[in-house]
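Asks: Sharing a structure with you now.
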Amino acid sequence: MANQPAPPPPPGSMTRTVPARVVLAHLLPGPVQPVLGPLPDREPSLLRCGGLDEHVLVEVLGRPVPADVLGNPAARARALRARLPVGAVVAGYPALWVHTGGRPPGGLELLRNVEPGAVVTLGGVGCLRLERVVVDLARTAPPGLAVEAVLRARRAGLTRRELEPALLARRGGGMRGLRRARRLIDDLYAPAFQAPT
């Protein structure tokens with residue numbers, strides 16, 4: 001019995017400890033990158049989790065975007081960038097969303113020939129200034145959206161005085177809805193008006 005070989009060691013006793021980052025570096029095809037914008041097309045199909053997706057992802061123009069990366073105007077503008085043609089300026093409700101957040105737009109509203117003073121660049125995307133967006137929506141949008149635009153601008157800190165130049169700039173050319181926009185802005189910025197929270 002003395003000549004019998006020793007029993008094999010238990011499984012795992014001969015292995016050495018390997019740090020997790022070394023294992024990940026070996027298993028992953030490249031460096032790990034955080035998601036800072038819309039997910040690449042193949043990612044959402046791999047990362048689905050019923051009941052959790054609607055809490056962590058927001059659909060922006062048909063693409064899922066992590067909700068926590070949409071916290072400022074530049075980030076919201078970047079979420080639209082992939083869908084924009086060169087030289088286009090974001091206008092209408094999508095521009096209001098870029099500036100103030102809220103419910104993402106279902107589509108894009110774009111302009112081409114816009115005076116440079118009416119455009120601000122956010123996240124590499126040309127977008128109408130908030131003052132111009134509010135006046136345009138107050139003039140031409142359905143009543144509910146027109147009121148929403150003025151209230152959101154007010155909540156974002158835009159003053160009545162800052163809206164006046166945009167109102168005056170839209171006077172030329174017989175701009176329809178200008179009287180409605182002025183009345184709406186005057187009413188919703190009146191000192192006695194208490195905006196709902």
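Asks: Residues in region 122-129: is at least one within 28 Å of A82 (Cβ to Cβ) and either surrounded by fewer than 16 Cβ atoms within 10 Å (Cβ to Cβ) or modelled with pLDDT under 95 (or both)? Walk me through it before giving the result.
Replies: Kept after step one, since they are within 28 Å of A82 (Cβ to Cβ), are these residues of region 122-129: 122-129.
Now drop any that are not either surrounded by fewer than 16 Cβ atoms within 10 Å (Cβ to Cβ) or modelled with pLDDT under 95 (or both), which leaves 123-124.
Checked against the condition, which is being within 28 Å of A82 (Cβ to Cβ) and either surrounded by fewer than 16 Cβ atoms within 10 Å (Cβ to Cβ) or modelled with pLDDT under 95 (or both), region 122-129 yields at least one hit.
Asks: Specify which of the listed residues (V98, V56) is of a type in the set (V, I, T) and either more than 9 Å from the chain's Cα centre (by Cα) or surrounded by fewer than 14 Cβ atoms within 10 Å (Cβ to Cβ) (or both).
Replies: The unique qualifying residue is V56.
Asks: Something else about it: For region 170-191, check the following and say yes or no: at least one residue is surrounded by 11 or more Cβ atoms within 10 Å (Cβ to Cβ) and closer than 22 Å to A77 by Cβ.
Replies: Scanning region 170-191 turns up no residue that is surrounded by 11 or more Cβ atoms within 10 Å (Cβ to Cβ) and closer than 22 Å to A77 by Cβ.
Asks: From the list A138, A79, exactly one residue is buried (at least 19 other Cβ atoms within 10 Å of the Cβ) and modelled with pLDDT under 95. Which is it?
Replies: Just one listed residue meets the conditions, A79.
Asks: Within region 135-144, is even one residue outside the structural domain of V60 (by TED's automatic domain parsing) and outside any helix (DSSP H, G or I)?
Replies: Checked against the condition, which is being outside the structural domain of V60 (by TED's automatic domain parsing) and outside any helix (DSSP H, G or I), region 135-144 yields at least one hit.
Asks: If you don't mind, another one. Would you please list the contacts, defined by Cβ atoms under 7 Å and residues six or more apart or on different chains, that run from a residue in region 159-186 that is in the same structural domain as V134 (by TED's automatic domain parsing) and on the phi > 0 side of the Ramachandran plot to a residue that is modelled with pLDDT of 85 or more and among the charged types (D, E, K, R)?
Replies: Final answer for the pair search is G177/R139.
The values are calculated or read from the model by the stated rules, or taken from the named source; none is laboratory data. Just so you know, these numbers come straight off a predicted model, no measurement behind them. Note that each Cβ is placed from the backbone with ideal geometry, even for glycine, and that neighbours are counted across all protein chains shown.
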